[in-house]
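The values are calculated or read from the model by the stated rules, or taken from the named source; none is laboratory data. Being a predicted model, the structure only gives us computed values, none of them experimental. A quick note on method: Cβ atoms are made from the backbone with ideal geometry, for glycine too, and the neighbour counts reach across all protein chains shown.
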Amino acid sequence: MTFPAVPLEKHDRILILAPHPDDETVGTGGLIQHALEKNIPVHVVFLTNGDFNEWSFIIYRERPVISHENVLKMGEVRHDEAVKATSVLGLSENNLSFLGYPDYGTQEIWCKHWGDSPPYESFLTGAKEVPYSNSFRPGAPYKGEEILKDIKRIITDFKPTKIFVTHSADNHPDHRAFYLFTGAALMELDMDITLYPYLVHYNKWPDPRK
């Protein structure tokens, strides 16, 4: 099966929204390289640091780890990995923003944690606010309006012409949540932006797996 190429113009500014470190490469790695070849500005935003990923603990520690301290350290490891991985694609750390919201918790924030509701509490880190000092806005409460505020600010500052975000039908809740928050942000912003959803997890997609 072949897919049509995404048209890229000289005036374009590309914003990639990745729920976790690695989604930007899996979903848009070729697009990022193609845009940079054309000298088109690219910025990548990570919704979480991916600190909930037990596979990471098995690889690094050879066993599951659930202490708050070690989970936060894994978030820092995955931050650094994302910086290194995207540098291979041609991006610098200045082209990246890490929001630092809770891995595997953003859909619940979308559904339950707005307004007078208390902030979401991460099961693994125990955090109720962004715990990473190198994040876009350290200390931001785990609330829906805070995520929305960050996305709107990044869009307003970067002024993208095209946004790529994970698909609403993706099997992972953080991937669905990023689509929902992005759609809400665009509804509130009066900007001429084209939205391109990309798929990472969906039943047997991709096939063959691994």
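Looking across the range 6-41, the residues that are in contact with a strand residue (DSSP E or B) (Cβ under 8 Å, 6 or more places away or on another chain), within 22 Å of Y179 (Cβ to Cβ) and assigned to a helix (DSSP H, G or I) come down to D23, E24, G27, T28, L31, I32, A35. Do you know which residues across the range 85-141 are among the hydroxyl-bearing types (S, T, Y) and in contact with a Phe, Trp or Tyr (Cβ under 6 Å, 6 or more places away or on another chain)? Listed by number, the residues that qualify are S97, Y104, Y120, S135. Among the residues of the range 135-149, the ones that are buried (at least 20 other Cβ atoms within 10 Å of the Cβ), under 22 Å from E93 (Cα atoms) and touching a Gly at 6+ places or on another chain (Cβ under 8 Å) come to 1 in all.
Does the range 199-207 contain at least one residue that is part of a strand (DSSP E or B), at pLDDT below 95 and either within 17 Å of Q107 (Cβ to Cβ) or of a type in the set (S, T, Y) (or both)? For the range 199-207, residues part of a strand (DSSP E or B), at pLDDT below 95 and either within 17 Å of Q107 (Cβ to Cβ) or of a type in the set (S, T, Y) (or both): present. Does D116 fit the bill of being surrounded by fewer than 16 Cβ atoms within 10 Å (Cβ to Cβ) and part of a loop (DSSP other than H, G, I, E, B)? It is true that D116 is surrounded by fewer than 16 Cβ atoms within 10 Å (Cβ to Cβ) and part of a loop (DSSP other than H, G, I, E, B).
Scanning the range 150-179 for residues that are under 21 Å from D192 (Cβ atoms) and either surrounded by fewer than 16 Cβ atoms within 10 Å (Cβ to Cβ) or of a type in the set (S, T, N, Q) (or both) yields R153, T156, D157, K159, T161.
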